[in-house]
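The values are calculated or read from the model by the stated rules, or taken from the named source; none is laboratory data. Since the structure is predicted, the reported quantities are computational estimates derived from the model, not experimental observations. A quick note on method: Cβ atoms are made from the backbone with ideal geometry, for glycine too, and the neighbour counts reach across all protein chains shown.
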Amino acid sequence: MDKICYGLENKVILITGGSRGLGLAIVKALVEEKAKIAFCARKQEGLDAARRLLGGYEHILTVQAHIAREDDVENLFNAVMKEYGRLDVLINNVGMNLVTPSVVDTDFALWQKIIDTNLSGTFLCSKKAAAIMREQKQGKIINISSIAAKKASPGMGIYGAAKAGVEMLTKVLSAELAQHNIQVNTVAPSMIRTDFSRPFWSNPEAYESIIRNVPLGRIADPVEIVQPILFLASEASNFITGETLMADGGSSAV
């Protein structure tokens, strides 16, 4: 794919879950954009490995944080403000899916773990970002959902419920924050070719079953999800808010 410039140079952008998968792909793209980047992960070794991959790019802050823990989120945003003094864009990328039995056969502890990581963490980070952006009188919050929020999938019921919550949270936040010139949107991918989904796409039989329901006949490469995210982070999206952009190869259309 040819390089597209989104005008994000020197923008301060925080990505949750930036040490691997889609999050790391976003970070790499923002390095190319010359943005000022902060990203978090639960494990320090993941952050260290990501920094090694990114080479000597100077405008990177990494913070160990579990975004479902309020104290960790407080420390994360304090670190960003101490380093950069502002926050232009928050990308709520962290997601977790543990394949579960039917929802009614799932114990509450597992339900709570998946809901907390996908939905409560998005709420906590959005709340902190909104407080900063209201003072600035501008900002963008971009949430990552999933086609699982639209279509019931075996083993993904709780994950889908959490992501559906993320999409409604996006609408509510967009309405509440519009008066402060803050845009809130969501990107909802189908399956992406990352380590997160490797057990599915690396199995030929499973892969054929998956792409049977994708009109474009394949799953997405990470860059194909990163580009819509960068568009929503850019000034080109200033009149777009409260929307969920489906990046799913047409899956939700059939």
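This table checks each residue for (1) in contact with a strand residue (DSSP E or B) (Cβ under 6 Å, 6 or more places away or on another chain); (2) more than 22 Å from ILE225 (Cα to Cα).
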{"site": "THR16", "(1), (2)": "yes, no"}
{"site": "ILE26", "(1), (2)": "yes, no"}
{"site": "ALA29", "(1), (2)": "no, no"}
{"site": "GLU33", "(1), (2)": "no, no"}
{"site": "ALA38", "(1), (2)": "yes, no"}
{"site": "GLY55", "(1), (2)": "no, yes"}
{"site": "GLU58", "(1), (2)": "no, yes"}
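Please determine, by comparing only the residues of region 43-53 that are surrounded by fewer than 17 Cβ atoms within 10 Å (Cβ to Cβ) and touching a residue at least 24 places away in the same chain (Cβ under 8 Å), which one is nearest to the chain's Cα centre (by Cα). Walk me through it before giving the result.
Residues of region 43-53 that are surrounded by fewer than 17 Cβ atoms within 10 Å (Cβ to Cβ), as a first pass: 43-45, 48-49, 51-53.
Filter again for touching a residue at least 24 places away in the same chain (Cβ under 8 Å), leaving 43, 49, 53.
Values: LYS43: 18, ALA49: 20, LEU53: 20 Å.
It comes out as LYS43.
Do you know which residues across region 133-147 are over 14 Å from VAL184 (Cα atoms) and either among the hydrophobic types (A, V, I, L, M, F, W, C) or crowded, with 21+ Cβ neighbours inside 10 Å (or both)?
Those that are over 14 Å from VAL184 (Cα atoms) and either among the hydrophobic types (A, V, I, L, M, F, W, C) or crowded, with 21+ Cβ neighbours inside 10 Å (or both): SER146, ILE147.
Output the number of residues of region 146-162 satisfying the condition of being of a type in the set (Gly, Ala, Ser), assigned to a helix (DSSP H, G or I) and closer than 19 Å to ALA247 by Cα.
Filtering region 146-162 for residues of a type in the set (Gly, Ala, Ser) gives 146, 148-149, 152-153, 155, 157, 160-162.
Of the ones still in play, those that are also assigned to a helix (DSSP H, G or I) are 148-149, 157, 160-162.
With the extra rule that they be closer than 19 Å to ALA247 by Cα, the set shrinks to 148-149, 160-162.
The qualifying residues number 5.
Do we find a residue being under 24 Å from ILE141 (Cβ atoms), touching a residue at least 40 places away in the same chain (Cβ under 8 Å), out of contact with any His (no Cβ under 9 Å at 6 or more places or on another chain) and not basic (Lys, Arg) anywhere in region 201-215? I'd like the intermediate steps shown before the answer.
So in region 201-215, the residues under 24 Å from ILE141 (Cβ atoms) come out as none.
The answer is no, given that none of the residues of region 201-215 is under 24 Å from ILE141 (Cβ atoms), touching a residue at least 40 places away in the same chain (Cβ under 8 Å), out of contact with any His (no Cβ under 9 Å at 6 or more places or on another chain) and not basic (Lys, Arg).
Could you please find all residues in region 1-42 being in contact (Cβ under 8 Å) with a residue 40 or more places away in the chain, among the β-branched types (Val, Ile, Thr) and farther than 23 Å from ARG193 by Cα?
VAL12, ILE13
When residues of region 51-65 are filtered for being out of contact with any helix residue (DSSP H, G or I) (no Cβ under 6 Å at 6 or more places or on another chain), part of a loop (DSSP other than H, G, I, E, B) and over 20 Å from LEU76 (Cα atoms), how many remain?
Counting residues in region 51-65 that are out of contact with any helix residue (DSSP H, G or I) (no Cβ under 6 Å at 6 or more places or on another chain), part of a loop (DSSP other than H, G, I, E, B) and over 20 Å from LEU76 (Cα atoms) gives 2.
Output the number of the condition that ILE240 fails; it satisfies all remaining conditions of (1) of a type in the set (A, V, I, L, M); (2) closer than 30 Å to GLU9 by Cα; (3) crowded, with 18+ Cβ neighbours inside 10 Å.
(3)
Do you know which residues across region 181-199 are touching a strand residue (DSSP E or B) at 6+ places or on another chain (Cβ under 8 Å) and either assigned to a helix (DSSP H, G or I) or closer than 18 Å to SER145 by Cβ (or both)? Give the steps one after another, and end with the answer.
First pass over region 181-199, keeping only residues touching a strand residue (DSSP E or B) at 6+ places or on another chain (Cβ under 8 Å): 181-193.
The answer is GLN183, VAL184, ASN185, THR186, VAL187, ALA188, PRO189, SER190, MET191, ILE192.
Any idea how many residues of region 79-113 are outside any loop (DSSP other than H, G, I, E, B), surrounded by fewer than 23 Cβ atoms within 10 Å (Cβ to Cβ) and touching a helix residue (DSSP H, G or I) at 6+ places or on another chain (Cβ under 6 Å)? Steps first, please.
Here is the first cut: in region 79-113, the ones outside any loop (DSSP other than H, G, I, E, B) are 79-84, 89-92, 103-105, 108-113.
Okay, now just the ones that are also surrounded by fewer than 23 Cβ atoms within 10 Å (Cβ to Cβ), so 79, 81-84, 103-105, 108-113.
Next, from what is left, pick out any that are touching a helix residue (DSSP H, G or I) at 6+ places or on another chain (Cβ under 6 Å): 103, 111.
Adding up the residues that qualify gives 2.
So that you can scan it fast, the table gives a plain yes or no per residue for (1) within 12 Å of the chain's Cα centre (by Cα); (2) modelled with pLDDT of 95 or more:
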{"residue": "ASN118", "(1), (2)": "yes, yes"}
{"residue": "LYS128", "(1), (2)": "no, yes"}
{"residue": "GLY139", "(1), (2)": "no, yes"}
{"residue": "SER153", "(1), (2)": "no, no"}
{"residue": "SER174", "(1), (2)": "no, yes"}
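Within region 188-205, does at least one residue satisfy the condition of being among the basic types (Lys, Arg), within 16 Å of the chain's Cα centre (by Cα) and at pLDDT 95 or above?
Keep residues of region 188-205 that are among the basic types (Lys, Arg), which gives 193, 198.
So of that shortlist, the ones also within 16 Å of the chain's Cα centre (by Cα) come out as 193.
Now restrict to residues that are at pLDDT 95 or above: none.
For region 188-205, residues among the basic types (Lys, Arg), within 16 Å of the chain's Cα centre (by Cα) and at pLDDT 95 or above: absent.
Quick check on GLY165: is it without any contact (Cβ under 8 Å) to a residue 60 or more places away in the chain and assigned to a loop (DSSP other than H, G, I, E, B)? Write out each step before concluding.
Details: without any contact (Cβ under 8 Å) to a residue 60 or more places away in the chain: yes; assigned to a loop (DSSP other than H, G, I, E, B): no.
No; evaluated as a whole, the condition is false for this residue.
Can you pull out the residues in region 77-93 that are closer than 11 Å to ILE132 by Cα and polar (S, T, N, Q)?
Of everything in region 77-93, just one residue is closer than 11 Å to ILE132 by Cα and polar (S, T, N, Q), namely ASN78.
Output the number of residues of region 30-50 satisfying the condition of being more than 14 Å from GLY17 (Cα to Cα) and touching a helix residue (DSSP H, G or I) at 6+ places or on another chain (Cβ under 9 Å). I'd like the intermediate steps shown before the answer.
In the first step, residues of region 30-50 are kept if they are more than 14 Å from GLY17 (Cα to Cα); the result is 30-36.
Narrowing further to those that are touching a helix residue (DSSP H, G or I) at 6+ places or on another chain (Cβ under 9 Å): 30-31, 33, 35-36.
Residues in region 30-50 being more than 14 Å from GLY17 (Cα to Cα) and touching a helix residue (DSSP H, G or I) at 6+ places or on another chain (Cβ under 9 Å): 5 in total.
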